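One structure is given below, encoded as structure tokens.
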Amino acid sequence: MSTETARVAYGRRAAEYIARFGSVDSIPTVYRDLIEAWGRAVDGPAIDVGCGPGQWTALLHELGVDVRGVDPVPEFVADARVRFPHLRFDLGEAAALDVDDAGLGGILAWYSLIHVRPERVGEVLAEFARVLRPGGSLLVGFFTGEELIEFDHAVTPAYFWPVDDLRAVVEDAGFTVTSTRTRTDPPARPHGDLIAHRARQSY
């Protein structure tokens, strides 16, 4: 799944997506609690990669995090700038962040890698490793499953990742995984999340 394919697909359904997911109030409390706890522990500036309409960016800002949102979908960025005019939102891609080496303390990638082809996820994670300072924190939310397979997501095809498979790719990119969790709340698809820290070594 190319970034352009996902960008076009989400652009076509942006209004529907914003109406459904544009507020943290529409998200299960357990996920909000996780992101809040992670945000409070972030040391330094952060980016919400694949920020969509900016709801998590705004939440992190409320916690005192120096955060900005980045998303490849112009419709999302335009909406976020209107609803949260006090925050910064930029068009951009996860694999090419406009950030200096070791310039960040945290990256939130909440369901923003689900459409990336598995063979390219390592490339994206290597970019995250480049821009995170040693010890910097990464939180990833994703769909999990017993096999690494593509499925028909409502917007555009996405992937289920076994936790151990994603953990291995994250560690290969230069991170130390400190937490993994899974959760199943039918009829929602199985959820996984992973917290990792940039290894304290040069890249």
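The values are calculated or read from the model by the stated rules, or taken from the named source; none is laboratory data. Please read all numbers here as calculations on a predicted model, not as lab measurements. All Cβ positions, glycine included, derive from the backbone under ideal geometry; neighbour counts span all protein chains shown. Just the protein is used for accessible areas: all its heavy atoms, side chains included, with ligands, DNA and RNA removed. Shrake-Rupley method; radii C 1.70, N 1.55, O 1.52, S 1.80 Å.
The rows are residues; the columns are (1) over 25 Å from residue 183 (Cβ atoms); (2) modelled with pLDDT of 95 or more.
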position: 17; (1), (2): no, no
position: 23; (1), (2): no, no
position: 28; (1), (2): no, no
position: 53; (1), (2): no, no
position: 59; (1), (2): no, yes
position: 63; (1), (2): no, yes
position: 102; (1), (2): yes, yes
position: 108; (1), (2): no, yes
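Only residues that are open to solvent by 70 Å² or more (accessible area, probe 1.4 Å) and of a type outside the set (Lys, Arg): list them for region 155-180, please. Across region 155-180, the qualifying residues are 164, 171, 172, 176, 178.
Checked against (1) open to solvent by 60 Å² or more (accessible area, probe 1.4 Å); (2) part of a loop (DSSP other than H, G, I, E, B), residue 115 meets all criteria but (1).
So, of the residues in region 181-203 that are under 15 Å from the mean Cα position of the chain (by Cα) and more than 16 Å from residue 41 (Cβ to Cβ), which turns out to be surrounded by the most Cβ atoms within 10 Å (Cβ to Cβ)? The extreme case among them is 192. Residues in region 160-187 that are under 17 Å from residue 107 (Cβ atoms) and hydrophobic (A, V, I, L, M, F, W, C): 166, 169, 170, 173, 175, 177. Looking across region 17-52, just one residue is on the phi > 0 side of the Ramachandran plot and over 15 Å from the mean Cα position of the chain (by Cα), and that is 44. Pairs linking a residue in region 169-197 that is on the phi < 0 side of the Ramachandran plot to a residue that is at pLDDT below 95 and of a type in the set (Ser, Thr, Tyr), with Cβ atoms under 6 Å and 6 or more positions apart or on different chains, are 190/184.
For region 140-197, the tally of residues that are part of a loop (DSSP other than H, G, I, E, B), in contact with a strand residue (DSSP E or B) (Cβ under 8 Å, 6 or more places away or on another chain) and not acidic (Asp, Glu) stands at 8. Residues that are under 19 Å from residue 116 (Cβ atoms), open to solvent by less than 60 Å² (accessible area, probe 1.4 Å), of a type outside the set (Ser, Thr, Tyr) and assigned to a helix (DSSP H, G or I) within region 1-37 comprise 6, 7, 8, 9, 11, listed in sequence order.
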